[in-house]
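Let me begin by presenting the structure, written as structure tokens, before commenting on it.
The values are calculated or read from the model by the stated rules, or taken from the named source; none is laboratory data. Since this is a predicted model, take the numbers as computed values, not measurements. Here the Cβ positions follow ideal geometry from the backbone for every residue, glycine too, while neighbour counts run over all protein chains shown.
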Amino acid sequence: MIYKITFLILILISNINARTIEEIKESGNIIIAIYENFPPYSFIEDGVEKGIDIDLGKEIASSLGVKPIWYWTGSDENLEDDLRNVIWKGHIIHKTKADVMLRVPYDYEFIRQKDKTTGALSNELVVMKAPYHAENWVIATDKSKIEKLNSLAQFKYNTVGVELDTLPDAHLTSSFQGQLRPNVKHYVSIETAIKDLKDKKLSAVAGLKSQLEYLLDFNKNQDKYFMSEKIDYVTSKWDIGIAVRHDFRALGYKIEGFIDQYHKDDTLKNIFKKYNVTYESPIVLKN
């Protein structure tokens, strides 16, 4: 059965204010927001929810003694819009909010941003906590075309696929005074770009390391593909965590405790391993 949230369920279990831990336990469910069509993090395959964040959400729900209800959401124009629609304001139509959102960039400076007009904190209704993974922008190449990526200048003569409106898209199209632009091929989804890479229609694809590893089954195909450690001149590594409403910090602290345990007992490492993705410990835990 797919626990995909419906309007009726939302009306029954959603409140104007954030739910307390006691209310979540009494309801027997926790509403977890995840991004739709986003392998290997959260996606539906053969009618079944799968992915790293799905498995993590199940662990969190189990630790609370409840079942997860998935609040599938698309990606808006920016993170602020995502958090507003999912966490602190609610859906534009039925105003439903998730109890917690996964795969949120853990960025203290973002939370401290102020509105230029009023001087008030722009994101004061959201709390980011519990980093559980370090994400990274990288480039994967077809070794038969680019055996090893030494410089972005190699894309003056080789094609590279990017998903539209991503950081690699902006960076590659503007690098070397736009000289790479003719060889930067745009795709609506990274999956389509990877398909063209496999079909020898591209020399490389730039994207999230976890996605490239999963979609290329990279650990088993390192003889076919090269993967860079980063993308030159891009701040390409950041932590991923959770978000809750500011008046729901208790749940944030509770989940933070669970995730701390998942680090210690290798639960997170094993979840990533299940999807053939390399687990990278959050940057904040290394400092």
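A few notes on this one:
- Residues of region 251-258 include none that is surrounded by fewer than 21 Cβ atoms within 10 Å (Cβ to Cβ), β-branched (V, I, T) and either under 19 Å from M101 (Cα atoms) or out of contact with any Ser or Thr (no Cβ under 9 Å at 6 or more places or on another chain) (or both).
- Condition broken by D217, with the remaining ones in (1) surrounded by fewer than 17 Cβ atoms within 10 Å (Cβ to Cβ); (2) modelled with pLDDT of 95 or more; (3) farther than 30 Å from I21 by Cα; (4) not assigned by TED's automatic domain parsing to the domain that holds Y187 satisfied: (4)
- Test for E280: is it assigned to a loop (DSSP other than H, G, I, E, B), under 23 Å from A33 (Cα atoms) and not small (G, A, S): yes
- Looking only at region 136-168, residues that are among the acidic types (D, E) and surrounded by fewer than 19 Cβ atoms within 10 Å (Cβ to Cβ) come to 2 in all.
- Identity of the residue in region 234-286, β-branched (V, I, T) and in contact with a strand residue (DSSP E or B) (Cβ under 8 Å, 6 or more places away or on another chain), that ends up modelled with the lowest pLDDT: V234
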